[in-house]
Protein chains: 4
Amino acid sequence: MKKPIVLINFKAYENSFGKKAVEMAKVIEGVSKDYSVDVIISVPATEIYRIAQEVSIPVYAEHVDAVDLGARTGAITVEMIKEAGAKGSLLNHSERRIRFDEIDDAVKKLRREGLESVVCVDRYTMVAPVGMIGPDAVLIEPPELIGTGISVSRAKPEVITKGVEEIRKTPGVELIAGAGISTGEDVYTAIKLGASGIGVASAVMKAKEPRKVVEDFVKSALRAIEEKGR
Amino acid sequence: MKKPIVLINFKAYENSFGKKAVEMAKVIEGVSKDYSVDVIISVPATEIYRIAQEVSIPVYAEHVDAVDLGARTGAITVEMIKEAGAKGSLLNHSERRIRFDEIDDAVKKLRREGLESVVCVDRYTMVAPVGMIGPDAVLIEPPELIGTGISVSRAKPEVITKGVEEIRKTPGVELIAGAGISTGEDVYTAIKLGASGIGVASAVMKAKEPRKVVEDFVKSALRAIEEKGR
Amino acid sequence: MKKPIVLINFKAYENSFGKKAVEMAKVIEGVSKDYSVDVIISVPATEIYRIAQEVSIPVYAEHVDAVDLGARTGAITVEMIKEAGAKGSLLNHSERRIRFDEIDDAVKKLRREGLESVVCVDRYTMVAPVGMIGPDAVLIEPPELIGTGISVSRAKPEVITKGVEEIRKTPGVELIAGAGISTGEDVYTAIKLGASGIGVASAVMKAKEPRKVVEDFVKSALRAIEEKGR
Amino acid sequence: MKKPIVLINFKAYENSFGKKAVEMAKVIEGVSKDYSVDVIISVPATEIYRIAQEVSIPVYAEHVDAVDLGARTGAITVEMIKEAGAKGSLLNHSERRIRFDEIDDAVKKLRREGLESVVCVDRYTMVAPVGMIGPDAVLIEPPELIGTGISVSRAKPEVITKGVEEIRKTPGVELIAGAGISTGEDVYTAIKLGASGIGVASAVMKAKEPRKVVEDFVKSALRAIEEKGR
């Protein structure tokens, strides 16, 4: 994954599907192109095809079922999201926890199909164990901060620094920080603390001017990455 | 729902998504038009939009989450499937069981949004209780026959006749019979035994000539309905 | 079930297990004997045997798995709770929801083994459907009031009256009212509104003087039953 | 944990509860004393108290809920199993899978309460990740062999050798091998391949002469440990 990683999770808001979701995706794509940063968006299963048709930024599923094709009514498989245009999937989000064997199955199947995987965890002690499974990235989010606007960068910077320490045990896996990220400063701090990028949802999805927010995030992320590179 | 009800559940086979699924939907639409019978297809969440764009027969979701919009990563809500073009949803399929309060929530939300609901049960004693919730139809399927090619019509006709007796306690709710349905004769028998229609999956999805199979089902269903109408 | 029904759910508080739980059971048994009312207690699976050895009032499980004996690590089956001394089980509590087919399986298996079943629901529209399954009683509890001390009797009396109306559709099944019940007056009102009894947890388990609370409940229940009987 | 580890999982057979379970526990205790080997038994939650009263060998729960005390109807907490006499718990058995965050919570809570934890996994790639969480042991069982009588030692020795390699990454955590173990030879081989012990269920629970079987297992385990020690 190209750094900085900026991942915007659409969740299930009223603008997370249909035309509003396509518009949001295009706004994000605009920023992505202007700054040459790959902003990833994760969208509901119903929206993958439509959005992937309309934008060139990476579209992820918000969840994928770790099962094979067959008589499985209601399953959303890796093959399905891939064919619909997804480039990867979020897994184990705190709003959609799965079992450890399912994480393992899904990460391996996504990889086999050439798709990326970002596995969410809620504590730094799970970073290395999940990293050993071999996803592209681990997204650490203290659940008590999700959607609060109180960012992990400010309120729990030690979660990021300890997560960064843990992720070093599994080379090739990136650490993404999330929960409550709402300003460019939050993004900057998270990356300076060692994260490869940030994950965000409400700060963008509920913004009056999403373009400005995403732009602020991307610029701050680039500034942090650049400073770290020196 | 217009009788006879013919519901084809795409499940998660290799031809249940992508271009093959669109082709299958078109084949079924062809038969639907030729015989003026509304054949319903239930498809994976990723496919609703694409298929609903291409065919005019009713497209259902295979499952829908009984939750409201909001911070719910990975949820597929009623609003989402509706916006994508779905006319209804299967619920509680034996391959995707949900809780009773979730069935109630989903049926009510689908109704509120003008969508239809077909709730699956695996035993006739659950027909009336589920019927009281007020879905458009209850689909009864002895799970041990699903996918076997040994039809409920032949192997367990009493499941249909008892189901028909039970559904009479909740006027306005139709009874659909399923599991192992594989020939026109199975369809004919199920409807003659009192069902308003049939549900099927593998017999169509795995057929070498799906058009012939669907045509046989539709013709047999029409013949049974007509005979009952006399 | 003998009326009035008074059901005390031990839940998982610090006095819900071990010696404190035995003591609590004995206190409740004392009231039960003094007033000749069968007070039912539902206790954690680990406590059934010990408590059933010590008291003669009916001991229920708080949950039971609707599965048969066999290779099922971690399952608590009907046979197990029966052998340990349980006289019945709560099912589908809002803190332990199960699927509708599991409710059906469990109710039938409990009956077959000579045990009672009390199925919890959170809305009056589910009273009759669940009643049709044939449990001994349906316990209706608006979940938003559970543990609040704001009783269903005062805050949502219509939930009880509508529940009572619904339960009449399934003769032989009792309606129990619960959620927030904390005074004798709450108990009295619930039964006067038509309930056959009440379910309670925190009001007893967290009481400084549980004996007084239970006594107040039992006396109020008896008074209400008597007045209804006139 | 003292080696060799011999863990007998009672599961939910007809002799896994009640007096038959107590008898079985006593038979196993007899062998344990004769050979001075700590044979661990994991039993249903309903049986912990009764069995722990009767035998001095370590009694485990088959599962424990990773939740705190409180309003949690139906939960079996660490505090409850401890008070009932358990010395530890199995976790994540293939018949009772839990989420990764639940494994982490349970392992930590068990440790805090002075209890042991044995976490089951179904593949060697999960041995080190789960080992990092810090349980006392990881029990590896290819689920397709469980209950078959075809032992992992014979059919899939590489699962053991790879598991042993993986567990070395997390010092202080033991590796136990399971699935299909049915003869002393299976036990001997598993330990010679590097396992610290074995887990077994049906071979003992369904045996006509359980004492002989357990004795054979224990003797073979001792012989293997002794040879490794040379």
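The values are calculated or read from the model by the stated rules, or taken from the named source; none is laboratory data. Here the structure is a predicted model, which means the values were calculated and not measured. So basically every Cβ, Gly included, is an ideal-geometry build from the backbone, and we count neighbours across all protein chains shown. Just so you know, the surface numbers come from the protein's heavy atoms only, side chains and all, with ligands and any DNA or RNA stripped out. Shrake-Rupley method; radii C 1.70, N 1.55, O 1.52, S 1.80 Å.
Counting only protein chains, not ligands or nucleic acids, how are D:V218, A:V67 ordered by accessible area (probe 1.4 Å), most first?
Descending accessible area places them as A:V67, D:V218.
The same position D:Y35 in the other copies lies at 5.8, 6.5, 6.7 nm from this copy, comparing label points 7 Å beyond Cα toward the beta-carbon, shortest first.
Of all beta-carbon atoms in chain D, the one sitting closest to the axis that brings chain D onto chain B gives D:R97, 8, with the distance in whole angstrom. Please pull out the direction-averaged projected area of the stretch C:152-230, using the convex hull of its alpha-carbon atoms, in nm² to one decimal place. Dividing the Cα hull surface by four gives the mean projection, 5.1 nm². Among B:F17, B:F217, the order of accessible area from largest down is B:F17, B:F217, computed with a 1.4 Å probe on protein heavy atoms. Look at the stretch B:16-24: the mean tally of other chain Cβ atoms within 10 Å of its residues' Cβ atoms is 3.
Please work out the ratio of the alpha-carbon Rg of the stretch C:1-135 to 2.2 N^0.38 Å and round it to two decimals.
Compactness ratio reported: 1.03.
Ascending distances from the C:K212 label point to its copies in the other chains, with the point 7 Å along the Cα-to-beta-carbon line: 6.0, 6.6, 8.4 nm. Solvent-accessible surface of chain D, averaged per residue with a 1.4 angstrom probe and all protein chains in place: 36 square angstrom.
Helices in chain B that qualify as membrane-span-like (whole DSSP H runs, Cα extent of at least 27 Å along the helix axis, mean Kyte-Doolittle hydropathy of 1.6 or higher) do not occur.
Global dimensions of the stretch A:65-174 from alpha-carbon coordinates: Rg and Dmax equal 14.8, 47 Å. Note that the stretch A:1-81 carries a Kirkwood radius of 13.4 Å, evaluated over its alpha carbons pair by pair. Accessible area of D:C120 (1.4 Å probe, protein heavy atoms only, ligands and nucleic acids ignored): about 0 Å². Entry note, chain D: the mean residue ellipticity at 222 nm calculated from DSSP H runs of n ≥ 4, each adding -39500 (n - 2.57), is -13000 deg cm²/dmol after division by the residues and rounding to the nearest 500. Computed over the alpha-carbon pairs of the stretch A:81-121, the distance histogram in 10 Å steps reads 31, 55, 14 percent, short to long. Label point of C:G149 (7 Å along Cα→beta-carbon): distances to the other copies' equivalent points are 3.2, 6.2, 6.7 nm, sorted ascending. Checking the Cα-Cα distances for D:K2/D:K109; B:K19/B:K208; C:K212/D:K82; D:K3/D:K109 against a 26 Å cut-off, the pairs over it are C:K212/D:K82. Measuring only protein heavy atoms, the 1.4 Å probe finds C:H63 accessible over about 20 Å². A compact globular protein would have a Cα radius of gyration near 2.2 N^0.38 Å; the ratio found for the stretch A:99-160 is 1.24. Summary value for the stretch C:5-229: 17 percent relative contact order, contacts being C-alpha pairs under 8 angstrom separated by 6+ residues. Evaluating kT/(6 pi eta Rh) at 10 °C and 1.306 mPa s, with the Kirkwood radius of the stretch C:5-229 over Cα pairs in the Stokes-Einstein relation, gives 92 µm² s⁻¹. For A:M132, B:M205, the ranking by accessible surface with the largest value first comes to A:M132, B:M205, using a 1.4 Å probe. When the Gaussian network model of chain D links Cα atoms closer than 10 Å, the mean-square fluctuations of D:A190, D:A25, D:A71 top out at D:A71.
GNM on chain B, alpha-carbon springs under 10 angstrom: the most fluctuating residue among B:I51, B:I191, B:I146 is B:I146. Each semi-axis of the equivalent ellipsoid for the protein assembly as shown is √(5λ) with λ an eigenvalue of the Cα gyration tensor; in descending order they amount to 42, 39, 31 Å. Under the simplified labelling scheme, the B:K26-B:K212 pair shows an inter-label distance of 2.1 nm, with each label point 7 Å from Cα along Cα→Cβ. Using equal-weight Cα scatterers in the Debye expression, the normalised intensity of the stretch C:1-48 in log10 at q = 0.17, 0.19, 0.29 Å⁻¹ is -0.49, -0.59, -1.08. Once you reduce the stretch C:113-174 and the stretch B:87-104 to the center of their Cα atoms, the two points are 22 Å from each other.
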